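The values are calculated or read from the model by the stated rules, or taken from the named source; none is laboratory data. Keep in mind that this is a model prediction, so the values were computed, not measured. For neighbour counting, all protein chains shown are included, and Cβ atoms are generated from backbone atoms with ideal geometry for every residue, glycine included. Remember, those area values only see protein heavy atoms, side chains included, never the ligands or the DNA or RNA. Shrake-Rupley method; radii C 1.70, N 1.55, O 1.52, S 1.80 Å.
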Amino acid sequence: MAESLHPEKTQHEVRLRREVLVRGVVQGVGFRPFVYRLAQELALSGWIGNDNDGVTIEIEGTAEHLDAFLLRLQYEAPTLARIDHIALRELEPAGDNAFLILSSQVLGHVNTGIPADAATCADCLHELLDPTDRRYRYPFLNCTNCGPRFTITRRIPYDRPQTSMAKFTMCAACQSEYDDPTNRRFHAQPNACAVCGPKVWLERANPANNATNDPITQTIHLLIAGEIVAIKGIGGFYLCVDATNQQA
């Protein structure tokens, strides 16, 4: 009797588990959300968490999917990430059926790096200039692909409680973005909007003139009128005047 050319499998494929230690610039660049989405696409279970030296991943699945994960980990990493070294270790399968992002661990000396602040990305610029978007003209908008990193970090691992954003509790809309793996603001630590984030304000020499609903536009008008304005920036205060106004 002829044998079938496509015999049905009588048992599940063998599952393997590996520890993956990734070193380099992998905090504050959307690396954990990237790994989360990658694990979802490949039907892998396990977890990822920031640690003192970078990120630690435990990943479980078939050998084929694990190999694909490791390959894509290196070639599809976020633009702002830099992988210097990957170390692997075989583990006993745990049998879990989900992939999780764990809270960071802070133990001993910290050796990982934080990237510099990144210029506003095209997606955020589109929102900034879209009158129908809830972040229209909000100067502190950002996502996992852009925005402040180094300048807001107090200590690492890089998580919101370790940054100057810790005091700003996200509103329901921002929290929903932060928790949604399909959103580009998933685990974006500086995530904020005009409702819940930092504000811009104008203080005049005469406090009676402080009130304004649009401090940026008012500042522009003051400069055009020949006034001198001190604008607080990352490195201190910048004295600004209209360069075409000789008296100013």
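Some observations on this one:
- Taking the charge dipole of the chain about its Cα centre, with +1 at Lys and Arg Cβ atoms and -1 at Asp and Glu Cβ atoms, the residue from Ala87, Thr120, Ile220 reaching farthest to the positive side is Ile220.
- Nearest-0.05 FRET efficiency for Leu100 and Ala122, computed from C-beta distance (R0 35 Å): 0.70
- For the range 154-160, the Karplus equation 6.51 cos²θ - 1.76 cosθ + 1.60, evaluated at θ = phi - 60°, returns couplings of 8, 7, 10, x, 7, 9, 3 Hz by residue, with Gly and Pro reported as x.
- Solvent-accessible area, 1.4 Å probe, carbon plus sulfur percent, for the chain: 55
- D_trans [Stokes-Einstein, Kirkwood Rh over alpha-carbon pairs] for the range 120-203, 20 °C, 1.002 mPa s, µm² s⁻¹: 163
- Exposure rule at most 15 other beta-carbon atoms within 10 Å, DSSP loop GluC sites (Glu not before Pro): the chain longest free segment: 77-202
- For the range 163-248, the solvent-accessible area of protein heavy atoms averages 65 Å² per residue (probe radius 1.4 Å; ligands and nucleic acids excluded).
- Overall form of the chain per C-alpha gyration tensor (a/c, 1.5; a/b vs b/c): prolate
- Among Gln189, Gln27, Gln74, the residue with the largest mean-square fluctuation in a Gaussian network model of the chain, with springs joining Cα atoms closer than 10 Å, is Gln74.
- Legend: calculated FRET efficiency, Arg204 to Asn52, from the Cβ-Cβ distance at R0 = 35 Å, rounded to 0.05, equals 0.15.
- Here is the list for the range 141-206: trypsin sites (Lys or Arg not before Pro) lying in DSSP coil, each with at most 14 other C-beta atoms within 10 angstrom of its C-beta, are Arg154, Arg155, Lys167, Lys199, Arg204.
- What separates the Cα centres of the range 225-240 and the range 51-106 is a distance of 45 Å.
- By the rule of a second cysteine Cβ within less than 4.7 angstrom, the chain holds isolated cysteines at Cys124, Cys143, Cys174, Cys193, Cys240.
- The charge dipole of the chain, taken about its Cα centre with unit charges on the Cβ atoms of Lys, Arg (+1), Asp and Glu (-1) only, comes to about 940 debye.
- Amide H within-cut-off set for Tyr158, under 5 Å, with H built and near neighbours excluded: none
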